[in-house]
Amino acid sequence: MLKDIEKLLRQDKMPHIWCPGCGNGIVMKAMLEAINSTGIDTKKTVVVSGIGCSSRATGYMNFDTLHTTHGRALAFATGVKLAKPELNVFVVTGDGDGSAIGGNHLIHAARRNIDINVVMFNNNIYGMTGGQYSPLTPHGKFATTAPYGNFDRAFNICDLVKGAGATFIGRGTVFHTKVLTEMIKGAIENKGFSFVEAVSICPISYGRRNKMGTAPQMMEWLKENSVPVKAASKLPPEKVAGKILVGELYKEEAPEFTQKYDELIARFQKGAE
Amino acid sequence: MAKIVINQKWCKACGICYGLCPKGVLDKDDTGKVVVKNPDACIMCRICEEHCPDYCIKIGG
């Protein structure tokens, strides 16, 4: 509820800069709800972001926050987590920031299974710079740099980080806010690299160019084109094709990086005695 | 009757709240910003509160 999370907002920085109808505010709210309901120490919580619309979120969240360089949020976050493993480290990134310029950091952070919670705000476009297509812009959709439709194929970013070694993967949308909050909660509880894809809406730079209507119409589109992952396994494949699967996609147990690192240090300290 | 608190200063007139409200509680003023039209119809589902990207709506005070 809003009254419970108001204390986690930097009220003096509001209203935020995001466009009317932008879903980023909803994703940020889901993050604050998840942090509030899991009861983690807010004084020991660090949120790191890169560059882009999504990455402005660190300016509004009342934790220790770092607004870093383009695509490098995970590199900074890895440093923070290794220096102080007791901190709860979050990374806020966008589809362009996290999967294009920061794509290499993403797969290697996942491979290491370092205990960082990544929330990727996926609005399918580079909104801040004027609507260029990103690696998550679906095939055939229009962007300023794809005036005849995007002929690239999009990443399935959740499958990508799964292949790279992430131990918790979930997906929610700005329409399915409860699912999104639950997924971020799952990410917090997982000791290892956690990845949540938050499918957002960009009515200005993406929706307008692709004739998707107003913000409420884009919300309806999300509602109609999403399927809960549990239901998807029971449905015929033609009903699931092209839909957004929401819910917990993957979970496994694996050794965590900072823990292994501490064990190594302890081993050598013992040897020196 | 549910207490609906609106912060119009932060509202950007995106229309998500009155677009998603299942009971027609919310409406827009001439600038497109949210106003409470029919507070008695509110069933406290909090769809507007959860989906407002601008943190403008509080249900239940």
- Message: Which count do you get for residues in region A:216-265 that are over 23 Å from residue A:195 (Cβ atoms) and under 24 Å from the mean Cα position of the chain (by Cα)?
- Response: 9
- Query: Are any residues in region A:1-44 under 19 Å from residue A:87 (Cα atoms), within 12 Å of chain B (Cβ to nearest Cβ) and crowded, with 21+ Cβ neighbours inside 10 Å, and if so, which ones?
  - Reply: A:32, A:33
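Inspect all residues belonging to region A:262-272 and state whether any of them is of a type in the set (D, E, K, R), closer than 30 Å to residue B:19 by Cβ and out of contact with any helix residue (DSSP H, G or I) (no Cβ under 6 Å at 6 or more places or on another chain). So that I can check it myself, show each step before the final result.
Going through region A:262-272, the residues of a type in the set (D, E, K, R) turn out to be A:262-263, A:267, A:270.
With closer than 30 Å to residue B:19 by Cβ added as a condition, the list becomes none.
Among the residues of region A:262-272, not one is of a type in the set (D, E, K, R), closer than 30 Å to residue B:19 by Cβ and out of contact with any helix residue (DSSP H, G or I) (no Cβ under 6 Å at 6 or more places or on another chain), which makes the answer no.
For every residue, the table says whether it meets (1) in a helix (DSSP H, G or I); (2) among the basic types (Lys, Arg); (3) under 21 Å from residue A:114 (Cα atoms).
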{"site": "A:16", "(1), (2), (3)": "no, no, no"}
{"site": "A:21", "(1), (2), (3)": "no, no, no"}
{"site": "A:33", "(1), (2), (3)": "yes, no, no"}
{"site": "A:48", "(1), (2), (3)": "no, no, yes"}
{"site": "A:76", "(1), (2), (3)": "yes, no, yes"}
- Note on the structure: Of the conditions (1) surrounded by fewer than 24 Cβ atoms within 10 Å (Cβ to Cβ); (2) without any contact (Cβ under 8 Å) to a residue 60 or more places away in the chain; (3) more than 14 Å from every other protein chain (Cβ to nearest Cβ); (4) in contact with a helix residue (DSSP H, G or I) (Cβ under 8 Å, 6 or more places away or on another chain), the single one that residue A:83 does not satisfy is (4)
- Check residue A:29 against each of (1) of a type outside the set (Val, Ile, Thr); (2) part of a loop (DSSP other than H, G, I, E, B); (3) over 26 Å from residue A:103 (Cβ atoms) and name the one condition it does not meet. (2)
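Read-outs throughout are calculated quantities, based only on the coordinates presented, and are distinct from any laboratory measurement. Keep in mind that this is a model prediction, so the values were computed, not measured. Note: ideal-geometry Cβ built from the backbone for every residue, glycine included; neighbour counts use all protein chains shown.
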